[in-house]
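**Student:** Below you will find the structure I want to go over with you.
The values are calculated or read from the model by the stated rules, or taken from the named source; none is laboratory data. The structure displayed is predicted, hence computed values, not measured ones. Note: ideal-geometry Cβ built from the backbone for every residue, glycine included; neighbour counts use all protein chains shown. Each accessible area value is taken on the protein alone, full model and side chains, heavy atoms only, with ligands, DNA and RNA left out. Shrake-Rupley method; radii C 1.70, N 1.55, O 1.52, S 1.80 Å.
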Amino acid sequence: MPDIRLRTVTRTQGNNRALKDGAVTPRGFQFVFEEVPVLVDAFRRMVRGLEFDVCEMAMTTYLCAKAHGKPFTALPIFLVRGFHHGAIVHAPQAGIQSPKDLEGRQVGVNRGYTVTTGVWARGVLQEEYGVDLSQVTWVLSGDEHVAEYRPPANVVPMRPAGRLPELVAAGELAAAVGVSAGAPGLTPLIPDAAEAGFAALRRRGHYPINHLVVVRDDLLSAHPELATDVFEAFSRAKNLYVDRLRRDAIEEPTPADIMYRRVMDITGADPLPYGIAPNRGVIEELIEHAVSQRILDRRPAVESLFAESTVDLTG
């Protein structure tokens, strides 16, 4: 493969830091990293304008984009994972005592209905608390990255000039998803949310994927070996990070570092496995939520979502 430069966006974090500081050098190509201060803006720019060669992307955004024929394809590089039990906040004085109380009420959603945090949080409400999601009106503070997507009838826009934290605090909305619990007067609806996430991991293997990596289809067609080489570079960088986690060698751990280390302690395994095989269950779980929440019309085969040369790789 001739030496090529790939215009790339990915947020600097433990598992890709070695790519950005040069400790890991890709084979046959060069990442040219661009910093987009608000990462979700890069998702939109990729979906709507195909602005980058390689781009980190929220997984449900990708599922929706793929369903609408956007010309890029994912590699099974799962950059960000986490738990979303704490993503649902409410005002304690508003009378919502349990998640089931959300039925028949309006619940805000930060940005769009297809936002991955929202999909996983609604899945928690449904799977663990028996909430009938169709009996909730979901109120959006923004629009969708995939402009062609049309949400179900129980998804509506927020009133003009409204702000989700204020509407929840005032009782106009029963709760909101994706709003910081640090907003005045708001608290997580699910008690001990962080521990609830780890409990779900122990009980049912629940360990959500948030972000993956996509590459433009024209580049994948022009350079058949590119997908495997990009996968290999990201994997080498990630394995350096996981080794540091395992040795407690991170001097100033971030909340994400601490969470990944806790997952490692619970599972005894790599907290950031790349590849389809170690992640098939969670990928299928997210697809199921996307279908049941009417983000996808049909269930795609897992392998169809990823570059063909990467479907058997692990890293």
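**Student:** Counting heavy atoms of the protein chains only and a 1.4 Å probe, report the per residue accessible area for the chain as a whole number of Å².
**Tutor:** Accessible area per residue: 43 Å².
**Student:** In nm, what is the difference between 0.36 nm times the number of residues separating GLU251 and ARG105 and their Cα-Cα distance?
**Tutor:** Here the answer is 48.0 nm.
**Student:** Going 7 Å from the Cα of ARG27 toward and past its Cβ, which residues in the stretch 291-315 have a backbone nitrogen under 17 Å from where you end up?
**Tutor:** 309-315
**Student:** May I pose another question? Which order do you get for LYS238, LYS100 if you rank them by accessible area with a 1.4 Å probe, largest at the top?
**Tutor:** LYS100, LYS238
**Student:** Follow-up question, since we're still on this one. For the stretch 36-43, what does the Karplus curve 6.51 cos²θ - 1.76 cosθ + 1.60, with θ = phi - 60°, yield as ³J(HN,Hα) per residue in whole Hz, taken in order and with x for Gly and Pro?
**Tutor:** Going residue by residue, I get 10, x, 9, 4, 4, 5, 5, 4 Hz, with x marking Gly and Pro.
**Student:** Enter the Cα centre distance for the pair the stretch 86-100 and the stretch 192-231, rounded to the nearest angstrom.
**Tutor:** 30
**Student:** List, in order, the whole-Hz ³J(HN,Hα) value for each residue of the stretch 281-294 obtained from phi through the Karplus relation with A = 6.51, B = -1.76, C = 1.60 and θ = phi - 60°; use x for Gly and Pro.
**Tutor:** x, 6, 5, 5, 4, 5, 4, 4, 4, 5, 6, 5, 8, 6
**Student:** Which FRET efficiency value, to the nearest 0.05, is calculated for GLN135 and GLU34 with the Förster distance at 45 angstrom and r the Cβ-Cβ distance?
**Tutor:** For GLN135 and GLU34, the calculated efficiency is 0.55.
**Student:** From the phi of every residue in the stretch 75-87, what ³J(HN,Hα) in whole Hz does the Karplus formula 6.51 cos²θ - 1.76 cosθ + 1.60 yield, where θ is phi - 60° and glycine or proline is x?
**Tutor:** After applying 6.51 cos²θ - 1.76 cosθ + 1.60, I find 10, x, 10, 9, 6, 10, 9, x, 10, 10, 4, x, 7 Hz.
**Student:** Moving on to the next point. For ARG81, enumerate residues with amide H under 5 Å from its amide H, sequence gap 5+ or separate chain, H modeled in the peptide plane.
**Tutor:** When sequence neighbours closer than 5 places are left aside, the close amide H contacts are ASN210.
**Student:** Next up: Within the accessible area of the stretch 196-235, what % is carbon and sulfur when the probe is 1.4 Å and the other protein chains stay in place?
**Tutor:** Using a 1.4 Å probe with all protein chains present, the stretch 196-235 comes out at 54 percent carbon and sulfur.
**Student:** Suppose each label sits 7 Å from its Cα in the direction of the beta carbon; what would the ARG159-SER292 distance come out to in nanometres?
**Tutor:** For ARG159 paired with SER292, the spin-label model returns 3.3 nm.
**Student:** Report, to the nearest whole %, how much of the accessible area of the stretch 108-170 belongs to carbon and sulfur atoms, 1.4 Å probe, protein only.
**Tutor:** So the carbon and sulfur contribution to the accessible surface is 50 percent.
**Student:** Measuring from a point 7 Å past the Cα of ARG262 along Cα-to-C-beta, which residues in the stretch 1-21 have an amide N at less than 18 Å?
**Tutor:** 14
**Student:** Between ALA147 and VAL302, what FRET efficiency follows from the Cβ-Cβ distance if R0 is 25 Å, with the result rounded to 0.05?
**Tutor:** Once rounded, the FRET efficiency stands at 0.45.
**Student:** Moving on to the next point. Expected output is a single nm value to one decimal: the length gained when fully extending between ARG7 and ARG202, i.e. 0.36 nm times separation in residues minus the C-alpha distance. What is it?
**Tutor:** 66.3 nm
**Student:** Now for a different question. For LEU296, which sequence-distant residues (separation of 5 or more, or a different chain) have an amide H within less than 5 Å of its own amide H, given hydrogens modelled in the peptide plane?
**Tutor:** VAL291
**Student:** Taking square-rooted eigenvalues a ≥ b ≥ c of the alpha carbon gyration tensor, is the stretch 162-315 rounded, prolate or oblate, where a/c under 1.5 means rounded and, failing that, a/b exceeding b/c means prolate?
**Tutor:** oblate
**Student:** For the stretch 47-86, what % of the accessible area comes from carbon and sulfur atoms, probe 1.4 Å?
**Tutor:** 47
**Student:** Where does each of ILE4, ILE209 land when they are ordered by accessible area, with a 1.4 Å probe and the largest first?
**Tutor:** Accessible-area ranking of ILE4, ILE209, largest first: ILE4, ILE209.
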